Number of protein chains: 2
Amino acid sequence: MAHIDLGIDEKRFPGIIGLRMFRPETAKPLNELAEALLRGPSTLARGERELIAAYVSSGNECRFCRDSHSAFAAAQLDGGRPLVDQVCVDPDAAAISPKLRALLRIAAAVRVDGREVTAAMVAAARDEGATDVEIHDTVLIAAAFSMYNRYVDGLATALPDDPAAYELSARRVVEHGYTA
Amino acid sequence: MAHIDLGIDEKRFPGIIGLRMFRPETAKPLNELAEALLRGPSTLARGERELIAAYVSSGNECRFCRDSHSAFAAAQLDGGRPLVDQVCVDPDAAAISPKLRALLRIAAAVRVDGREVTAAMVAAARDEGATDVEIHDTVLIAAAFSMYNRYVDGLATALPDDPAAYELSARRVVEHGYTA
């Protein structure tokens, strides 16, 4: 049971889905932020950006966001779910590009505290070919999921009973995005 | 010096101001979220909502956000800056309503981790007259500043040389809002 009465069937509209229906005024910019960060024009692939979101949510132990964005990442990455799960457990051992690995290190630092990001981490990402916009977007994705995770867990929203719900959401997001 | 080249005079456009100019695609939803949360229709006064933002930013030791939203709160609260500073140091000793004090306890929990919010904290806020929408908005303001703080600090943005810059921003925000 969520901490507040969302006025919906929580199992049918779990996590942020029910929150969006409860407060459409804030849902609009929250959806548009996810769309811009995770699907808008970028030199980072959509699957890579979803992977950063899944990785941060995994670090924050936010089950709804972790399982949602793991499914969204898996649907848009060649390595599929095994790669996503590997990244969440140990990105250093995962078969990802050195650039993405360096960006994940920055994301991990942001998740703890913005001030944990060091000039050396940024230089390492740049050495692997990361651009300033990619570094910016990585920091903002990690910061944004520090928000979404707290929002979903801070109101004690429900999880779906059936894990297949995440795959269903993945198909919807891949096809229609976050603002449909 | 910020971690990335923002292409602007960082002292003239400190904190999130320079980041907004660097990446207008994400600035739009970020501004609209701040506008909806801190200035949109609500039974919480604008000064009270800015106070929650200042309090969370103070807890996260994000100087730019703390000093910005402290100025924005002070400009819209009867107690002015002394009240804001007192809340940031010790909300239990501050001359605020019992409802706002209970909401600040929820915000402090969200800042650490969404899962730190307890049913007892929510019940205490409700006992002091907080509505479900007010509890929702408090959680989302605290979550959102967990993002803005990480964004501003994660990219090592500059502070203004002159603290009067915060008062100038306060006048602009009070008059024109976050999306002007």
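The values are calculated or read from the model by the stated rules, or taken from the named source; none is laboratory data. These numbers come from a predicted model, not from an experiment. Backbone-built Cβ (ideal geometry, glycine too); neighbour counts: all protein chains shown. For the accessible areas, the whole protein counts, side chains as well, though only heavy atoms, and no ligand, DNA or RNA atoms are used. Shrake-Rupley method; radii C 1.70, N 1.55, O 1.52, S 1.80 Å.
Could you give the angle, 0 to 90 degrees to the nearest 10, between helix A:46-59's Cα long axis and the longest principal axis of the Cα atoms of chain A?
Tilt relative to chain A: about 80 degrees.
According to the square roots a ≥ b ≥ c of the eigenvalues of the Cα gyration tensor, what is the shape class of the protein assembly as shown, taking rounded for a/c under 1.5, prolate for a/b larger than b/c otherwise, and oblate for the remainder?
Verdict is oblate for the protein assembly as shown.
Test of understanding: in a Gaussian network model of chain A with alpha carbons linked when under 10 Å, which of A:ARG115, A:ARG63, A:ARG101 would top the mean-square fluctuation ranking?
For chain A, modelled as a Gaussian network with Cα springs under 10 Å, the answer is A:ARG115.
Which are the unpartnered cysteines of the protein assembly as shown, meaning those with no other cysteine Cβ under 4.7 Å from their Cβ?
A:CYS88, B:CYS88
With the crude spin-label approximation of a point 7 Å out along Cα→Cβ, what separation in nm comes out for A:ALA123 versus A:ALA95?
3.3
Between A:THR43 and the same site in the other copies, what are the distances in nm, shortest first, taking label points 7 Å from Cα along the C-beta direction?
Ordered by increasing distance: 5.1 nm.
Tell me whether the stretch B:25-136 comes out rounded, prolate or oblate; compute the Cα gyration tensor, take square roots of the eigenvalues as a ≥ b ≥ c, and use a/c under 1.5 as the rounded threshold.
Rounded, since a/c falls under 1.5.
Mind giving me the FRET efficiency for A:GLU175 and A:ASP9? R0 is 35 Å, r the Cβ-Cβ distance, nearest 0.05 is fine.
Approximately 0.90, to the nearest 0.05.
Per residue, how much accessible area does the protein assembly as shown have with a 1.4 Å probe, in Å²?
For the protein assembly as shown, the solvent-accessible area averages 41 Å² per residue.
Under a 10 Å cutoff between Cα atoms, tell me which one of A:ALA124, A:ALA156, A:ALA93 has the largest fluctuation in the Gaussian network model of chain A.
Looking only at A:ALA124, A:ALA156, A:ALA93, the biggest GNM fluctuation is shown by A:ALA93.
Could you give the angle, 0 to 90 degrees to the nearest 10, between helix A:63-74's Cα long axis and the longest principal axis of the Cα atoms of chain A?
60
Classify the stretch A:77-180 as rounded, prolate or oblate, taking a ≥ b ≥ c as the square roots of the eigenvalues of its Cα gyration tensor: rounded when a/c is under 1.5, otherwise prolate if a/b is larger than b/c and oblate if not.
Prolate is the answer for the stretch A:77-180, as a/c is 1.5 or above and a/b outweighs b/c.
Mind checking the angle between helix B:98-112 and chain B's longest principal axis? C-alpha axes, 0 to 90 degrees, to the nearest 10.
Once rounded, one gets 50 degrees.
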